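Read the structure below first, then the notes.
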Amino acid sequence: MSKIIITTGNYSAAYAAKAAKVDVVAAYPITPQTSIIEKISEFIERGEMKAEYIRVESEHSAMAACIGASVAGARAFTATSAHGLTLMHEMLHWASATRAPIVMAVVNRAMGPPWNIWSDHVDSLSQRDTGWMQFYAESNQEIFDTIIQAYRVAEDPEVKMPAMICSDAFILSHTSQPLEVLSEEEVEDFLPPYEPPFDITDVDHPVTHGNIVWPEPRGDASVGYMEFRYLMHQALLNAKRKIKEVTKEFEKKFGRNHGDLIEKYKVDDAEVAIVSMGALAAQAKYVVDLMREEGYRVGAIKLRVFRPFPDEEIREVAKRLKALVVADRNISYGYKGISATEIESALYQLEKRPIILNFIMGIGGRDVKPEDQRKMIEAAFNIIETGQLEKEAEWYGLVR
Amino acid sequence: MQSNTSILKKIPPTPLSKPAKGAMGKTGTWRTLKPVIDLNKCTKCGLCWLYCPEATITFTKEEGPKIDYVYCKGCGICAEECPAKAIEMVREF
């Protein structure tokens with residue numbers, strides 16, 4: 001039976017790893033992620049979780065250990081933040097190209113210097129092209145549910161790619177909310193034990209993974225390097241379909257739906273919508289409710305999955321809008337917000353495109369209040385009236 | 001999407017290779033220094049055979065170690081590990 005407790009975002013991730021009956025956890029502590037792996041070691045120490053915890057000397061090794069475990073047939077889990085995640089970068093490529101369905105909790109934290117431990121999405125968005133699926137959660141319950149869903153998608157034979165579940169430092173990681181903890185029995189019904197594609201533990205028939213592959217087919221190899229990259233791309237495109245199926249099945253079984261690739265909130269008759277990732281997507285819905293009472297035709301879109309990117313899904317909503325506010329808790333130096341560039345690229349195919357206002361906000365954990373999101377939305381309504389877009393990307397709340 | 005007869009449907013998701021002698025070609029040509037065993041000094045302890053990362057040394061208690069120069073890359077680990085200092089690295093070029 002499931003039970004409802006009050007707990008933090010980090011403990012929610014730990015409870016999810018336990019409910020998913022993870023076999024191997026290899027991790028290294030880093031603020032603000034540390035309490036995830038502390039809680040997991042507590043579970044293991046108490047005998048409540050039958051997993052092997054591998055202590056390592058760095059995040060690079062943590063991911064290497066997870067890859068080894070995953071290839072050997074174990075369900076592997078790790079967690080990290082910011083500098084830990086970026087130290088893992090090489091191994092992130094290695095994990096996806098090994099087609100190891102590892103699931104990792106990432107607590108988004110700003111990159112130093114200067115040191116800052118608060119929320120900022122640059123750490124995970126910098127891993128965009130590693131082949132990892134990226135989910136962004138808005139609540140502790142969504143962290144828990146998405147970790148369970150992510151294993152289902154990642155381990156699917158048509159996907160076999162790793163996934164990271166991102167959540168905002170402190171806003172979720174250290175904030176308590178009610179959480180329904182699904183029991184291991186309930187979860188096992190939804191998430192059967194992992195079956196690896198190969199048995200590498202068969203010592204009578206040894207194989208090597210990831211040995212050299214040439215630019216062109218050569219010798220015994222009927223294909224070259226490029227074909228393996230194409231298969232990875234196809235796998236992430238398959239994941240788009242699987243995420244939709246899995247979230248639907250999850251809702252049917254457990255009664256909760258946090259959106260699939262995106263979550264649409266009151267967008268059907270909206271003129272303006274605000275796009276957010278992570279915890280601010282929850283607050284955006286609250287702002288939409290307040291403004292709707294005043295007669296504003298406004299909606300909200302939560303970018304729940306950043307890779308694979310929901311291009312068609314965003315196009316479908318955006319084609320009916322007059323303006324789209326894209327709130328980015330990140331900056332791609334020398335250009336603009338990272339999700340804004342992705343959304344603009346997706347909308348280019350539309351004949352009639354909404355105006356896009358990109359706000360760079362909340363960098364390094366700077367507080368973004370409901371009235372701030374309201375001002376961003378109001379700016380969009382003003383631009384619809386005047387037709388004047390002065391700046392494509394505006395730094396919101398900057399001290400000048 | 002590729003057709004069902006496509007080769008992309010038949011290959012594994014990640015390249016697999018099975019161990020085979022000389023799978024990477026005649027790696028002996030990579031060598032600049034060649035390990036030469038002085039069988040008079042050799043105590044037939046077998047450590048060189050154990051340490052060789054490329055498995056190019058065969059060993060029997062009776063005959064001692066024998067190096068396959070077609071594949072030995074000349075890394076020098078055997079010479080470094082030999083407790084009897086019976087292996088000398090000789091420049092080839």
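All of the numbers you see were taken from the coordinates with simple rules; none came from a lab. This one's a predicted model, so the numbers in the text were calculated from it and none came from an experiment. Reconstructed Cβ throughout: ideal geometry from the backbone, glycine too, with neighbour counts over all protein chains shown.
Note on A:L389 and A:R55: the model spin-label points, each 7 Å out from Cα along the C-beta direction, lie 5.4 nm apart.
The mean count of C-beta atoms from other chains within 10 Å of the C-beta of residues in B:14-24, rounded to a whole number, is 6. Computed over chain A with a Gaussian network model linking Cα atoms closer than 10 Å, the most mobile of A:V246, A:V103, A:V153 is A:V246. The mean count of C-beta atoms from other chains within 10 Å of the C-beta of residues in A:201-211, rounded to a whole number, is 3. For segment A:34-83, trypsin sites (Lys or Arg not before Pro) are listed when DSSP marks them as loop and at most 15 other Cβ atoms sit within 10 Å of their Cβ; the list is A:R46, A:K50.
One Cα centroid belongs to segment A:61-97, the other to segment A:104-131; the line between them spans 16 Å. Please report the antiparallel percentage of DSSP beta bridges with both residues in the protein assembly as shown, rounded to the nearest 5. Roughly 40 percent of the DSSP beta bridges within the protein assembly as shown come out antiparallel. Normalised by the number of residues in chain B, the average gap of Cα pairs under 8 Å and 6 or more apart makes the relative contact order 36 percent. Cysteine residues of the protein assembly as shown whose Cβ has no partner cysteine Cβ closer than 4.7 Å: A:C66, A:C166, B:C42, B:C45, B:C52, B:C72, B:C75, B:C82.
Note on A:Y28, B:Y69: ascending count of other Cβ atoms within 10 Å places them as B:Y69, A:Y28, the fewest first.
Taking the number of Cβ atoms within 10 Å of each Cβ as an exposure proxy, the fewest-first ranking of A:R400, B:R31, A:R292 is A:R400, A:R292, B:R31.
Based on the mean of other beta carbon atoms within 10 Å per residue, what is the order of A:269-278, A:253-262, most packed first? Intermediate values should be presented prior to the final figure.
On the way: A:269-278: 24.7, A:253-262: 16.8.
Result, highest mean Cβ count within 10 Å first: A:269-278, A:253-262.
Roughly how far apart, in whole Å, are the Cα centres of segment A:264-287 and segment A:324-400? Distance between centres, Cα-based: 13 Å. Per residue of chain A, the DSSP helices (runs of n ≥ 4 H) give a summed -39500 (n - 2.57) that works out to -12000 deg cm²/dmol at 222 nm.
On the basis of the beta-carbon distance and an R0 of 45 Å, B:V36 and A:D204 show a calculated FRET efficiency of 0.80. Inter-chain Cβ neighbour count for B:5-12, averaged per residue, equals 3 (cutoff 10 Å, partner chain atoms only).
Take the residue pairs A:K50/B:K9; A:K302/A:K375; A:K252/A:K319; A:K253/B:K9; B:K9/B:K73; A:K285/A:K322 and return only those whose Cα atoms are more than 26 Å apart.
Working: A:K50/B:K9 37 Å; A:K302/A:K375 18 Å; A:K252/A:K319 30 Å; A:K253/B:K9 33 Å; B:K9/B:K73 37 Å; A:K285/A:K322 19 Å.
Among A:K50/B:K9; A:K302/A:K375; A:K252/A:K319; A:K253/B:K9; B:K9/B:K73; A:K285/A:K322, the Cα-Cα distance tops 26 Å for A:K50/B:K9; A:K252/A:K319; A:K253/B:K9; B:K9/B:K73.
Taking GluC sites (Glu not before Pro) across segment B:37-91, the ones in a DSSP loop with at most 10 further Cβ atoms lying within 10 angstrom of their Cβ are B:E62, B:E63. Averaged over residues, the count of other Cβ atoms within 10 Å places the peptides A:90-97, A:129-136 in the sequence A:129-136, A:90-97, highest first. What whole-number distance in Å separates the alpha-carbon centres of segment B:24-52 and segment A:177-222? Using only Cα atoms, the two centres lie 38 Å from each other.
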